[in-house]
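To keep things clear, I will list the structure first and then write my remarks on it.
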Amino acid sequence: MADVIKPAFRREPVHAADLERVFGEAAGLLVGLRRVAAPYGEELQVTVCAEALSVPRPVAVVLANNAGEDEVDRTGKAVLEALQFAEAIARGKLQG
């Protein structure tokens, strides 16, 4: 039975392992938080990624300090909400 093919269903998107935190998924995109070393100290990056992207794309970058932690929390949630809104419009679930 060594030749049995086992399904490899992914429970997490491809780049979720690179993320410190996942805000959520909408419109086929995963919104998350990465902590990255930079020349002047650590950065917090709100990123958007999908299987088709080779690397997560940063959409917001702040310094890794107390104010930065609060800022990425608000920004990550706002990006996710905007993607959810766009997804609902695309599916015709929102009408003016």
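Values in this text are rule-based calculations from the coordinates and carry no lab data. Worth saying up front: this structure is predicted, and the values here are computed from it rather than measured. Ideal geometry is used to build each Cβ from the backbone, glycine not excepted, and the neighbour counts take in all protein chains shown.
Within segment 55-66, residues that are in contact (Cβ under 8 Å) with a residue 24 or more places away in the chain and under 13 Å from Leu29 (Cβ atoms) sit with their Cβ atoms under 7 Å from residues that are among the basic types (Lys, Arg) and surrounded by 15 or more Cβ atoms within 10 Å (Cβ to Cβ), at 6+ positions apart or across chains, in these pairs: Pro56/Arg34. When segment 47-57 is filtered for residues that are under 15 Å from Ala78 (Cβ atoms) and out of contact with any Leu (no Cβ under 6 Å at 6 or more places or on another chain), only Thr47 remains.
When segment 55-96 is examined, which residues are found to be surrounded by fewer than 16 Cβ atoms within 10 Å (Cβ to Cβ), in contact with a strand residue (DSSP E or B) (Cβ under 7 Å, 6 or more places away or on another chain) and of a type in the set (S, T, N, Q)? Listed by number, the list holds a single entry, Gln84.
Taking the stated definitions as given, is Val31 surrounded by 15 or more Cβ atoms within 10 Å (Cβ to Cβ), over 15 Å from the mean Cα position of the chain (by Cα) and at negative phi? Taking the combined requirement at face value, the residue does not satisfy it. Checked against (1) within 15 Å of Ala26 (Cβ to Cβ); (2) part of a strand (DSSP E or B); (3) not aromatic (Phe, Trp, Tyr), Ala86 meets all criteria but (2).
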